[in-house]
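Step one of this worksheet: look at the structure below.
The values are calculated or read from the model by the stated rules, or taken from the named source; none is laboratory data. Only a predicted model underlies this, so the values are computations on that prediction, with no experimental measurement involved. With ideal geometry, Cβ positions are generated from the backbone for all residues, glycine too; neighbour counts draw on all protein chains shown. In case anyone asks, the SASA skips ligands and DNA or RNA and just uses the protein heavy atoms, side chains included. Shrake-Rupley method; radii C 1.70, N 1.55, O 1.52, S 1.80 Å.
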Amino acid sequence: MKIIDKLKNTKISISFEFFPPKTEEAEKTLFETISNLQPLNPTFVSVTYGAGGSTREKTRDIVKKIHEETNLTVMAHLTCIGHSKQEILSILDDYKKIGIENILALRGDMPLNFEKTDIPSDGCKHASELVSLIRENYKDYFCIAVASYPEGHPESPNLEREILYFKKKVEAGADFSITQMFFDNSYFYEFLEKCEIAGINIPIIPGIMPITNFNQIKKFASLCGATIPEEVVQKFEKYADNPEETKKIGIEFATLQCIDLIKHGVKGLHFYTLNKSDATIKIYENIKDYLVG
């Protein structure tokens with residue numbers, strides 16, 4: 001089923017993101033996580049795609065396994081950097097063949113030592129071009145999601161330019177968007193206001209990253225340009241040598257963040273799980289009454 005159709009009939013969507021495991025043991029852990037999260041009845045789950053297509057086959061295999069062995073609606077991430085258009089169409093043909101109807105269309109991170117000259121001459125340089133390619137060749141078969149960046153993409157000169165790039169993806173045919181992680185909701189609300197002024201009216205679902213390992217998340221945040229408020233940094237640094245307290249604080253912080261977002265009328269919450277279920281389940285338990293209230 002197409003995610004956009006499910007969103008139209010869901011008050012507040014809950015969804016989860018996974019990444020392709022590298023080992024058999026990690027794959028076993030992933031599917032244990034999926035089994036633990038399935039009772040939460042997510043609207044959809046998604047599977048990431050490595051830089052330059054580095055996890056292409058693994059992403060496809062995990063997407064296929066989730067689709068065939070669970071009752072979950074699954075969305076495959078697809079990046080265009082490093083692929084020719086023919087390669088992209090081949091990937092999409094395969095997804096269509098196995099019954100996948102949902103794609104998250106991304107430019108993708110540049111692989112290490114990747115030069116702009118490495119982009120195939122007939123490839124897509126931007127996510128908006130990938131969205132157009134999908135729409136031109138598959139019409140409305142695929143529901144297409146795109147990424148959005150409340151604080152701006154690291155390569156964008158300013159937020160105004162970021163809104164223009166986002167609008168290009170919407171005009172190319174994107175159905176909904178999932179945001180990059182953020183830790184200060186004010187950035188998200190300001191972003192929504194700017195999108196409304198720009199005439200962007202697709203659902204924009206905030207991406208939530210529970211902070212369970214502060215050093216790890218701090219590194220992620222610096223790479224994607226997400227601001228962690230100074231008072232939050234100080235709180236986590238106080239318990240830098242106490243993993244259990246860090247996890248507890250992270251769950252409390254994400255809970256309050258989600259409750260505030262729900263009170264502001266968000267269409268959904270998309271959790272970056274890092275292939276673990278414990279923190280996400282606890283946050284869900286903390287907010288579930290707000291989801292139906």
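A few comments on the model shown:
- Burial order of peptide ranges 204-211, 221-228 (average beta-carbon count within 10 Å, highest first): 204-211, 221-228
- Accessible solvent surface per residue of the chain, calculated while the other protein chains remain in place, 1.4 angstrom probe, Å²: 48
- Taking Cα extents along the principal axes in Å as calculated from this structure, the corresponding entry among (1) 78, 47, 33; (2) 114, 43, 34; (3) 51, 43, 43 is (3).
- With Cα atoms, 0 to 90° folded angle of helix 24-37 axis to the chain main axis: 70
- Using only side-chain charges placed at the Cβ, +1 for Lys and Arg and -1 for Asp and Glu, the dipole size of region 193-275 relative to its Cα centre rounds to 200 debye.
- For region 31-177, share of DSSP beta bridges that run antiparallel, in % to the nearest 5: 5
- Computed P(r) (all Cα pairs; region 1-69; 5 Å bins; percent): 3, 15, 24, 24, 17, 11, 5, 1
- Magnitude of the charge dipole, region 139-289, Cβ model with Lys/Arg +1 and Asp/Glu -1, debye to 20: 360
- For the residue pairs LYS2/LYS276; LYS64/LYS97; LYS248/LYS276; LYS218/LYS276; LYS65/LYS97, the alpha carbons lie more than 22 Å apart in LYS2/LYS276.
- Estimated inter-spin distance, GLU230 and HIS264, nm [label 7 Å along Cα→Cβ]: 2.2
- Computed 3J(HN,Hα) for region 5-18, one whole-Hz value per residue from the Karplus formula 6.51 cos²θ - 1.76 cosθ + 1.60 where θ = phi - 60°, is 5, 5, 5, 5, 10, 10, 5, 9, 6, 10, 9, 9, 10, 10, glycine and proline marked x.
- Options ILE200, TYR149, LEU92, ranked by Cα towards positive dipole end of region 75-214, top entry (Cβ charges): LEU92
- Antiparallel content of DSSP bridges confined to the chain, in %, to 5: 5
- Order by protection proxy (mean Cβ within 10 Å, highest first), peptides 148-161, 34-47: 34-47, 148-161
- Applying a 4.7 Å Cβ-Cβ cutoff to the chain leaves CYS143, CYS195, CYS224, CYS258 as cysteine residues with no disulfide-compatible partner.
- Dipole size of region 1-110 about its Cα centre, with +1 on Lys/Arg Cβ and -1 on Asp/Glu Cβ: approximately 420 debye, rounded to the nearest 20.
- In the chain, the portion of solvent-accessible area held by carbon and sulfur atoms comes to 47 percent [1.4 Å probe, whole percent, DNA, RNA and ligands not counted].
- 0 to 90° range, to nearest 10: angle between helix 214-224 axis and the chain longest Cα axis: 40
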